[in-house]
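Where a number appears in this text, it was derived from the coordinates with a stated rule and is not lab data. Here the structure is a predicted model, which means the values were calculated and not measured. Every residue, glycine as well, gets a Cβ built from its backbone with ideal geometry; the counts of neighbours run over all protein chains shown.
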């Protein structure tokens, strides 16, 4: 539909009135002309007022969505149609803008980092949900509050006092990151960085480095422990060496010298064991030692382990081997042989570690029982049960940590490296298995190595 | 001119509040360090750090008190502002005492480190109470930052929990001492730690009371929890 230019139609009504007045004047004289003119103006006024009223009513409609403008006649029709088109465009534009803003908001929420906007006086202006969660702030309550009033960490206060003015790439203050350890309530360790933002304000970026810090701490502790463990025997050896050097050979009885050498040998052995265990552990961890997996029968392995254990205990303990019935029934001909698929050496050393521990922590005359059975889910369970000193419940979760010791003195005296159970855990992890520990102080402990069902098979012997 | 003055005054009030909270942050850090020392192995720098922070806390107390005096003299604040200024002095002295108690805990912790008579498991509940005290203080200071009466009142319950924990710890320690008299001197050290923790809970509660007073204009220092809730309801109705 093509509309004539708006200004052209506004003149139609007045022109009609003028023409009608002239006709009435010609036909009926002055009075008739005046009456026609007056009623004509009255009609025009009513016409405009009606449109004006409709338009005014429309202005009260919602801004959010498009509400069609009232339709009009003549000049009004043109103006209203034009306004209608403008309104349609405005609403479309507004919707687009809203979508853009919404998208920005979602982006800020999806960011894996926390974002906080502070004004020139370090008051909270805005924070994304992650930042609110990590720093235990609530934007609704805390907008306009200085950040350091709520996150009252002295270092943060100093950090926020850094001047960011002229924070060009070279400015050190802008590059500095602050690590705040375990924020109260949330326990998160956060790394914060700041950049200038808006008028004198700043944008804080927070990253969650809790895991990373925990790992770093573990590494530091490990190195400290290893150094400590190596230093103790080394000090002993160095001490004896000095003594041997300083004492003339003639003044030292032969048996004293032999005794010194024996003590040094013991210490050197324990250092050697430690280094061996460390190497084993690091090989297990890095996964570099790609040993061939094989399928092997369990029974012969257990029998040889039993003999080794008996030898280690020097017959101070009773070591018994318990196998499931089907594995021992030889007469009926239904004997079954169970097999494990895995790295034989690794599993053997893990099982051996459990047995060595049992010997170490069971007083003379106690019983050590190794057993092998298949549970309801088809998993293979290698268990070592002893009647030893047992372990208090609070130590159990930390038992497989490196160098974790329930009793330092006793462990070292019995020649432990503090790495045995860590090795067991790692070997089992490599076989998708797990270590279960059940223990009572004074009663004894049961360590069970659980081998997943897929690695266990049965074969008719 | 007057708008400029009141703007300036607002900034001064805010600075003072922020300073109190900064001091609170230092005290919190001090307490956290002391409580952590209870479950740590030897830490040779512990007492040094504690001493350094203690000095800083004391200096802050003096500074804030001076600021309060100056504001009263120069601005003659009224209504809620005056209440804030007056209570801030009280809050600050409570904070300073919490700092003192934290220092005491750290000293005892240094003695307990490497002590064989009582193991950490035997004073686990004391450590736990220390963590509770940290939480109560944190809550009280949050309530101060937000001038949030509900949060302030919530610290009352938490303080009751600490008092309960203290009774429990005391009974346990008496048990250990009766079982084995050799543990007596160590158990007494732990008891002092527990007492300090209990005191910290009380100071945190004082801070919470100060907040109720700031916001509602009622002195609730000797009121029971029910009475305070009643006052709060009345104030809410009046508004």
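With a 10 Å cut-off around each Cβ of A:141-151, the average count of Cβ atoms from other chains is 4.
To the nearest ten degrees, helix B:2-38 and the longest principal axis of the Cα atoms of chain B are 0 degrees apart. Overall shape: oblate for the stretch B:47-162, with the ratio a/c of the largest to smallest alpha carbon gyration tensor axis at 1.5 or above and b/c at least equal to a/b. Ranking of B:123, A:53 by neighbouring Cβ atoms within 10 Å, starting from the fewest: A:53, B:123. Panel order for A:123, B:222, B:138, A:48, by other beta carbons found within 10 Å of each beta carbon, from fewest to most: B:222, A:48, A:123, B:138.
What shape does the stretch B:2-238 have by the C-alpha gyration tensor, where a ≥ b ≥ c are the square roots of the eigenvalues, rounded means a/c under 1.5, and otherwise prolate means a/b greater than b/c and oblate the rest? Cα axes put the stretch B:2-238 in the oblate bin.
Could you let me know the centre-to-centre spacing of the stretch B:80-142 and the stretch A:432-454, using Cα atoms, in angstrom? The stretch B:80-142 and the stretch A:432-454 have Cα centres separated by 42 Å.
When Cβ neighbours within 10 Å are restricted to other protein chains, what is their mean count per residue of peptide A:313-319? Walk me through the numbers before you get to the answer.
Working: counts 0, 0, 0, 0, 0, 0, 0.
Taking all residues of A:313-319 together, the mean is 0.
Rounded to the nearest 10 degrees, the inclination of helix A:420-430 to the longest alpha-carbon principal axis of chain A is 50 degrees. Relative to the dominant Cα principal axis of chain A, helix A:74-110 is inclined by about 10°. When A:107, A:50 are arranged by Cβ crowding within 10 Å, least crowded first, meaning fewest neighbours, the order is A:107, A:50. Using R0 = 41 Å, the C-beta based FRET efficiency linking residue A:99 and residue A:59 works out to 0.95.
Its residues counted as N, the stretch B:109-239 yields a C-alpha radius of gyration over 2.2 N^0.38 Å of 1.30.
Hey, got the average number of other protein chain Cβ atoms within 10 angstrom for residues in B:13-22? Before the final figure, lay out the partial values.
Working: counts 0, 5, 2, 0, 3, 8, 0, 1, 7, 6.
Neighbouring Cβ atoms belonging to other protein chains average 3 per residue here.
For the stretch B:1-84, just say rounded, prolate or oblate: build the C-alpha gyration tensor, square-root its eigenvalues into a ≥ b ≥ c, call rounded for a/c under 1.5, and beyond that prolate if a/b exceeds b/c, oblate if not. Prolate.
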